[in-house]
Structure formats: C-alpha cells, structure tokens
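Notes to accompany the following structure.
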Amino acid sequence: MELKIVKPGINGEGIALLQKKPVFIPGVIPGETALVRITDETERYAHGKCIRITSTSKDRRKPFCPWVKECGGCALAHVSYERQLAWKQELLQEALWKYGHVRESFIRPIRPSQEVLGYRSALKLPVQEVNGQAESGMYQPGTNHFTPIESCAVHDPKLEAVRRTVLAILHEEHFPAYQDGHGLRFLVMRRIDSAISIALITGKDQLSETLIQKLSLLPEVVSIVQSVNTAKKFTRLFGSQVKVLYGEPSITVTFASLTITLTPESFFQLNLAQAEALYQTAVSKIDPCNVLVEAYCGVGVMSLLARDRARKVYGIEEVPGAIACAKRNTTLNRVPNTTFLCDDSARGLQKLLAERAVDTLLCDPPRAGLDQAMIDVILASSIRKIVYVSCNPATLGKNIAALKQDYEVRTVIPFDLFPNTPHVESVTVLTRRGTSDRTIQKHRKKQHRQKGAL
C-alpha cells in the first residue's frame with residue numbers, strides 16, 4: 001500500500017497513519033510517500049517496511065556510509081543536517097508537551113554541532129571472528145546478526161585509523177575473537193588531546209609481550225589495559241578489575257580549561273566541543289549560592305566548572321571509579337570548595353539535606369531520568385533551583401510533570417551532540433514556585449555580600 005509519511009519517530013523512523021493508526025517505517029522522511037508492507041500490527045500501532053519511495057523529500061541525501069542499514073547507529077544518515085535539527089526540535093517539543101505540558105514558547109532553538117562527521121571521541125565495539133580473524137563491528141538492529149564495520153564516518157578519523165591497526169596486529173599475533181571463554185570480546189578506545197587509550201575486554205587470556213609492545217608503539221597510544229569478562233549475561237562491558245598492560249591506568253587531558261583524569265570505564269561525553277558548550281550553558285544558569293549539589297556527577301566536570309558559583313559544591317555519583325577520578329580531578333585543578341561523595345544520588349542528596357540547606361541542584365541523570373526516590377527527595381526539600389541536563393526528552397517530560405507541583409519551567413535549551421542520530425540533549429531550568437526573578441536577584445546580592453565579608 002502507498003502511505004504518506006506525516007511525522008518523525010523517536011528512533012529515526014518516519015510515521016504514517018493507516019486509519020488513524022501510526023505506522024513506524026524506517027528509512028523514510030516526513031513529506032515523502034512510499035509503498036509500504038506492514039510487517040506486524042497491534043491494536044495501537046503497526047510497523048512497516050519501505051518497498052519503494054514514490055515521492056522523495058528534498059531533505060533526502062545519499063547516506064555517507066555503506067553500512068547504514070546493517071549498523072543502525074546513524075538512523076538519520078539519509079537526512080540533510082538542517083532537517084535533522086528540525087526533526088530533533090520537533091521531537092523535543094512534542095515529548096515535553098505530551099508528558100510535561102511544557103509549551104513550545106519555553107523551548108529555545110537547538111544548537112547545532114560544529115562537526116557532523118568524525119565527532120565521536122570514543123568507541124565501544126563488539127568483536128567476532130570473520131574469515132578467520134577478529135573483526136570489530138555492530139549487531140544489526142533488533143538482531144544478533146553481526147556485521148563487521150570496515151570504517152566508521154562518525155568516529156574521530158585518527159581513532160579509526162588506530163582501531164584498524166589494532167585489529168591487524170591482533171591478526172598478526174593470532175589473537176582470536178571471543179569464544180568459549182577466550183579471545184577478544186570488546187574493543188574500547190578513546191582519543192582526547194592526541195592521547196589514545198585502549199581497553200581490551202577479553203576472556204581468560206594472558207596477552208603476549210610481543211602483542212603488547214606492538215600496540216604500545218602505535219601513534220598517540222598512552223594507555224593499554226585489559227579486563228576479563230566471561231559472563232554470559234552482563235550489563236557492563238568491563239568485568240574484572242582492570243589490569244594495566246602499558247602506560248598509566250588513566251589518561252589526563254584538558255577539557256573546558258580543566259585538567260581531567262579519565263579511566264577506560266569512565267563515562268564522558270563523546271562530542272567534546274558540544275559537551276563543553278552544553279556544560280558551560282548549564283553552569284551559567286546557576287545563580288551564586290551557598291550550597292550547590294550535582295547529582296549523577298560522573299568524573300565531576302560540571303561540579304568543578306561551577307566552583308565559583310557556590311561557597312560549597314557537592315558531587316554525588318554511585319560509581320566508585322568515577323568518584324575516584326572526580327577526587328583526583330579536584331586535586332589536579334586545586335578546587336578547595338568541592339567534595340565528592342560515592343552514593344546513590346537520591347540517598348546522597350537526602351543525607352546532605354539532613355545536614356544543610358541546598359540552594360541549587362544540578363543533575364545529569366542517565367536516559368531513565370530521575371527515579372521516584374529522587375523526585376520524592378526534591379519535592380520534600382527547599383531547593384530553589386534545578387538545572388537539569390537531559391539526554392531523553394520523554395523521561396525529561398515525565399520528570400517535569402512530577403516536579404510541577406512545586407516547580408515551574410523557566411527555559412529549555414536543546415543541543416545536538418549526536419548528529420545523524422535522533423538523540424537530543426537539553427538543559428532545562430526549573431525554579432520553585434513563588435521564586436520570582438526579584439527573589440533570585442535579592443538572594444544573589446545577599447550571597448555577594450556574604451562572600452565579601454569572608
């Protein structure tokens with residue numbers, strides 16, 4: 001049947017309507033018409049496969065990668081960048097209205113990425129045997145079918161070059177892909193400031209000195225580590241404690257005027273230029289205050305950037321390795337007013353609130369957003385302002401709906417950190433109801449007087 005694509009979907013697909021029922025169709029763009037075969041259907045929605053596009057959008061472009069369908073990582077590779085930005089703006093506006101009743105007028109224009117290709121500073125790829133040697137690649141969306149990826153256009157080009165050489169060296173040294181508890185299972189690499197770290201997630205293997213030496217001689221490689229993971233089911237790539245094979249267990253880089261230590265397991269934004277703009281924007285929305293808390297602080301970057309915004313800054317993170325990095329980063333940057341706590345964010349915030357008043361909450365939760373425990377702690381507090389960094393419009397909207405009984409949205413600022421994908425990040429500012437701009441300015445002047453008296 002022929003269907004007209006009327007709107008974008010959250011996973012990069014186009015949506016048509018069949019007797020008012022949404023039909024999700026990968027690979028098509030709003031405004032196009034296509035011959036579609038329905039692949040499955042429920043009472044509420046259906047999925048379809050595009051057989052042939054009968055009317056093409058002016059926003060369609062030739063994908064930049066031959067593995068787009070097999071990989072699935074760049075669901076918008078066939079869409080012009082201008083249309084991608086409009087698509088993401090629309091998805092954010094729709095989600096915030098649907099779940100949080102946030103009007104479009106509160107949402108500012110999306111801030112585009114400086115780079116559309118080659119922007120990813122890290123990679124985490126599964127490895128399998130292909131034609132007798134270990135190859136990294138991706139699983140086709142929704143399947144366990146592995147596709148080797150010869151090159152990735154969104155990875156940092158120099159990182160990609162080293163990745164291919166790493167695989168060639170593994171082949172030379174007869175180190176296989178993972179099978180029956182032995183071999184290379186995942187390849188994890190990061191490149192920042194011309195420093196590359198390599199993490200080999202393996203079975204119960206001891207790597208030869210020759211293999212390690214060859215890898216250590218690759219350009220820009222400063223750290224090589226190994227982690228054993230033989231679990232059949234797992235939620236984290238890294239298994240055993242990381243073993244340093246060459247160099248240091250972490251890399252030290254410069255980011256947003258800070259000196260930052262990162263271990264291979266550390267979460268860090270992939271699009272560095274956009275991440276800096278995102279973080280600086282979030283920090284700029286913090287009014288001078290006594291106590292600032294950053295929940296889900298990771299390695300502590302935003303807490304350190306916000307050091308001049310509060311007399312005391314606390315960062316909370318439940319991953320021990322991230323907190324260890326955050327504490328090292330505090331020392332490296334000589335920031336005396338920042339303390340990092342290893343705890344669940346809701347529990348840690350509740351403990352701090354029992355001891356002192358918290359003026360502002362800065363948070364950057366995972367895609368699942370703030371859980372109910374965190375919502376409950378916030379609503380029971382007297383926190384005046386929340387600066388919420390989100391990577392998921394739907395959970396952001398739901399969290400806003402829950403917080404609205406005590407807080408109101410001031411502004412939402414979207415950022416594109418992941419060109420060629422449907423993902424959109426944003427900074428949302430919420431203030432406690434009854435907290436006017438005049439009240440904020442009065443509090444700001446009071447804090448300045450207190451600082452002057454110290």
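The values are calculated or read from the model by the stated rules, or taken from the named source; none is laboratory data. This one's a predicted model, so the numbers in the text were calculated from it and none came from an experiment. Neighbour counts run over all protein chains shown; Cβ positions are idealised from the backbone, glycine included.
Observations, loosely collected:
- Counting only strands (runs of 3 or more DSSP E) that fall entirely inside the range 285-362 and contain at least 1 residues that are aromatic (Phe, Trp, Tyr) and in contact with a helix residue (DSSP H, G or I) (Cβ under 7 Å, 6 or more places away or on another chain), the qualifying elements are 310-317, 338-342.
This table checks each residue for (1) assigned by TED's automatic domain parsing to the domain that holds residue 399; (2) closer than 21 Å to residue 416 by Cβ; (3) of a type outside the set (Gly, Ala, Ser); (4) touching a Ser or Thr at 6+ places or on another chain (Cβ under 9 Å).
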site	(1), (2), (3), (4)
10	no, yes, yes, no
18	no, no, yes, no
29	no, yes, yes, yes
37	no, no, yes, no
71	no, yes, yes, yes
91	no, yes, yes, no
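- Meeting the requirement of 3 or more residues that are modelled with pLDDT of 90 or more and over 24 Å from residue 143 (Cα atoms), the strands (runs of 3 or more DSSP E) wholly within the range 2-82 are 2-8, 14-18, 33-41, 46-55.
- Residues in the range 50-79 that are over 23 Å from the mean Cα position of the chain (by Cα) and under 26 Å from residue 153 (Cα atoms): 11 in all.
- Flag if residue 234 is in contact with a strand residue (DSSP E or B) (Cβ under 7 Å, 6 or more places away or on another chain), at pLDDT below 95, in the same structural domain as residue 127 (by TED's automatic domain parsing) and of a type outside the set (Gly, Ala, Ser): no
- Taking the conditions (1) among the hydroxyl-bearing types (Ser, Thr, Tyr); (2) buried (at least 21 other Cβ atoms within 10 Å of the Cβ); (3) over 21 Å from residue 432 (Cα atoms) in turn, residue 339 satisfies each one other than (2).
- Subset of the range 80-131 that is over 21 Å from the mean Cα position of the chain (by Cα) and under 30 Å from residue 146 (Cα atoms) - its residue that is surrounded by the most Cβ atoms within 10 Å (Cβ to Cβ): 127
- Sub-8 Å Cβ pairs linking a first residue in the range 70-94 that is polar (S, T, N, Q) to a second residue that is surrounded by fewer than 20 Cβ atoms within 10 Å (Cβ to Cβ) and not in a strand (DSSP E or B), at least 6 apart or interchain, are 80/59; 80/61; 89/109; 93/104, ordered by first then second residue.
- Total residues in the range 245-256, condition surrounded by fewer than 19 Cβ atoms within 10 Å (Cβ to Cβ) and touching an Asp or Glu at 6+ places or on another chain (Cβ under 9 Å): 3
- Qualifying residue in the range 386-393 (condition: within 17 Å of residue 85 (Cα to Cα), assigned to a helix (DSSP H, G or I), at pLDDT 90 or above and touching a helix residue (DSSP H, G or I) at 6+ places or on another chain (Cβ under 9 Å)): yes
- Verdict on residue 402 being over 30 Å from residue 117 (Cβ atoms), surrounded by fewer than 17 Cβ atoms within 10 Å (Cβ to Cβ) and either not charged (D, E, K, R) or not assigned by TED's automatic domain parsing to the domain that holds residue 284 (or both): no
- Residue in the range 258-266 that is assigned by TED's automatic domain parsing to the domain that holds residue 343 and under 19 Å from the mean Cα position of the chain (by Cα) present: no
- Out of 295, 324, 346, 310, sole residue that is modelled with pLDDT under 95 and either buried (at least 24 other Cβ atoms within 10 Å of the Cβ) or not charged (D, E, K, R) (or both): 324
- Lone qualifier among 132, 118 - being at positive phi and at pLDDT 95 or above: 118
- All positions within the range 180-199 that are more than 20 Å from residue 126 (Cα to Cα) and part of a loop (DSSP other than H, G, I, E, B): 193, 194
- Selection within the range 1-14 - under 33 Å from the mean Cα position of the chain (by Cα) and surrounded by fewer than 19 Cβ atoms within 10 Å (Cβ to Cβ): 4, 6, 7, 10, 11
- Taken over the range 367-385, the residue count meeting the criterion of being on the phi < 0 side of the Ramachandran plot and surrounded by 13 or more Cβ atoms within 10 Å (Cβ to Cβ) is 13.
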